[in-house]
């Protein structure tokens with residue numbers, strides 16, 4: 001225990017480490033604030049003018065507007081919202097036209113928009129996927145078949161996306177059947193806020209591997225390792241202590257930074273919004289049976305697993321390579337490769353099984369949760385979020401074992 005505390009103290013006393021940890025903390029606040037600052041809406045004034053609201057003012061104004069539709073998403077409620085929309089369009093003309101009053105748009109259209117968002121998708125052409133116009137949808141059909149159309153639309157999408165893999169189609173249908181219905185809607189939370197959580201986790205991964213790179217290789221370069229490995233516990237026990245100290249520092253850092261990020265974001269948008277079903281924020285046929293609060297927890301835990309896998313991979317590289325710069329360059333490349341691989345090739349094994357799988361832009365864990373990407377081995381189809389999690393769980397102990405092994409076998413030349 002004493003050796004562990006000394007190693008933690010040694011790592012934290014480094015100026016480089018303190019700077020990077022401070023950057024992680026500052027970025028936690030900055031990345032939480034950005035989606036709040038991007039919120040805006042025009043508020044109509046009694047004299048016919050309008051005032052543009054930004055940031056917290058816009059969020060609070062929208063929250064008041066949405067309060068009328070919050071609760072269960074029943075087919076009757078959606079049908080009534082569609083009737084209201086169609087009546088207003090018939091009375092004032094197209095929503096984008098100059099003849100449509102701003103006050104009517106803000107007070108009557110904006111509140112029901114979250115209920116209507118899914119309808120063009122549900123009534124899309126099953127072959128081309130082109131969304132339907134709200135004016136062409138029958139409110140009576142919505143009242144009778146809203147949730148049945150969700151199941152039909154999912155089957156159509158899976159036939160188009162996984163045409164040659166009936167096992168994947170059936171898996172998606174079976175998983176969607178477990179989703180709680182009717183959905184819950186507490187509008188006001190921004191999709192950008194979830195995107196920024198994933199982006200921040202990627203930044204944390206880069207900062208963490210930058211701190212980890214010299215754990216072993218830095219001492220190879222300075223010659224301190226030659227002295228340390230001559231002591232009584234200078235091999236296996238020292239290696240294990242260094243690894244435990246590094247992983248503990250990063251887990252605590254991750255927990256503090258993500259918690260701070262979520263507290264700022266959720267306090268701004270309102271904790272009530274977290275009761276919304278994920279289907280009401282993204283696609284009505286998303287497979288996870290989760291609300292937004294559960295989604296935040298899942299992507300945070302998945303991010304922690306991916307960051308730990310990256311740190312463990314970096315520890316292995318640090319134990320194997322002789323200089324910290326080489327370790328850092330390889331480790332950052334490992335973090336970025338899944339993003340480039342997914343951009344170039346779409347869903348593939350490279351973007352799903354590397355330690356940094358689930359970190360990045362379009363390949364991040366959140367986007368895998370809301371998409372229908374499956375990878376196939378023979379007749380077996382596996383949803384990519386499962387592959388990302390299983391790979392990380394396997395890689396963490398494997399890389400830790402390799403780090404200890406290569407450190408103990410290191411020969412001073």
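Name, by its number, the condition in (1) assigned to a loop (DSSP other than H, G, I, E, B); (2) surrounded by 24 or more Cβ atoms within 10 Å (Cβ to Cβ) that does not hold for residue 352.
(1)
Give the residues of the range 29-43 that are in contact (Cβ under 8 Å) with a residue 60 or more places away in the chain, surrounded by fewer than 16 Cβ atoms within 10 Å (Cβ to Cβ) and under 20 Å from residue 66 (Cβ atoms), sorted by residue number.
Hit for the range 29-43 is 38, nothing else.
Considering the range 381-410 alone, what residues qualify as being outside any helix (DSSP H, G or I) and over 26 Å from residue 278 (Cβ atoms)?
410
Which ones in the range 67-79 are surrounded by fewer than 17 Cβ atoms within 10 Å (Cβ to Cβ), in contact with a helix residue (DSSP H, G or I) (Cβ under 9 Å, 6 or more places away or on another chain) and outside any loop (DSSP other than H, G, I, E, B)?
Once the filter is applied, which keeps residues that are surrounded by fewer than 17 Cβ atoms within 10 Å (Cβ to Cβ), in contact with a helix residue (DSSP H, G or I) (Cβ under 9 Å, 6 or more places away or on another chain) and outside any loop (DSSP other than H, G, I, E, B), the range 67-79 yields 71, 76.
Only one of these is under 30 Å from residue 60 (Cα atoms) and outside any loop (DSSP other than H, G, I, E, B): 96, 121, 140. Name it.
Going through 96, 121, 140 in turn, just one is under 30 Å from residue 60 (Cα atoms) and outside any loop (DSSP other than H, G, I, E, B): 121.
I need every pair where a residue in the range 359-371 that is free of Cβ contacts under 8 Å to residues at least 24 places away in the same chain has its Cβ under 8 Å from the Cβ of a residue that is part of a loop (DSSP other than H, G, I, E, B) and buried (at least 21 other Cβ atoms within 10 Å of the Cβ), sequence separation at least 6 or different chains.
Listed by first residue and then by second, the contacts come to 368/358.
Please work out if residue 103 is in contact (Cβ under 8 Å) with a residue 40 or more places away in the chain, part of a helix (DSSP H, G or I) and within 24 Å of residue 145 (Cβ to Cβ).
no
Yes/no matrix, rows are residues, columns are (1) assigned by TED's automatic domain parsing to the domain that holds residue 267; (2) under 23 Å from residue 376 (Cα atoms); (3) over 24 Å from the mean Cα position of the chain (by Cα):
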site	(1), (2), (3)
142	no, no, yes
156	no, yes, yes
165	no, yes, yes
183	no, no, no
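With the structure loaded, tell me whether residue 133 is under 23 Å from the mean Cα position of the chain (by Cα) and either under 24 Å from residue 278 (Cα atoms) or modelled with pLDDT of 90 or more (or both) or whether it fails that test.
Details: under 23 Å from the mean Cα position of the chain (by Cα): no; either under 24 Å from residue 278 (Cα atoms) or modelled with pLDDT of 90 or more (or both): yes.
No, not satisfied.
Assess whether residue 359 counts as being outside the structural domain of residue 163 (by TED's automatic domain parsing), in contact with a helix residue (DSSP H, G or I) (Cβ under 7 Å, 6 or more places away or on another chain), buried (at least 17 other Cβ atoms within 10 Å of the Cβ) and not in a loop (DSSP other than H, G, I, E, B).
Judged against the criteria, residue 359 is not a match.
Identify, from the list 115, 122, the residue that is in contact with a strand residue (DSSP E or B) (Cβ under 8 Å, 6 or more places away or on another chain), crowded, with 17+ Cβ neighbours inside 10 Å, at pLDDT 90 or above and not assigned by TED's automatic domain parsing to the domain that holds residue 283.
Just a single option satisfies the conditions, and that option is 115.
The values are calculated or read from the model by the stated rules, or taken from the named source; none is laboratory data. In this text the structure is predicted, and so the values were computed from the model without any measurement. When we count neighbours, we look across all protein chains shown, and the Cβ atoms used for this are built from the backbone with ideal geometry, even at glycine.
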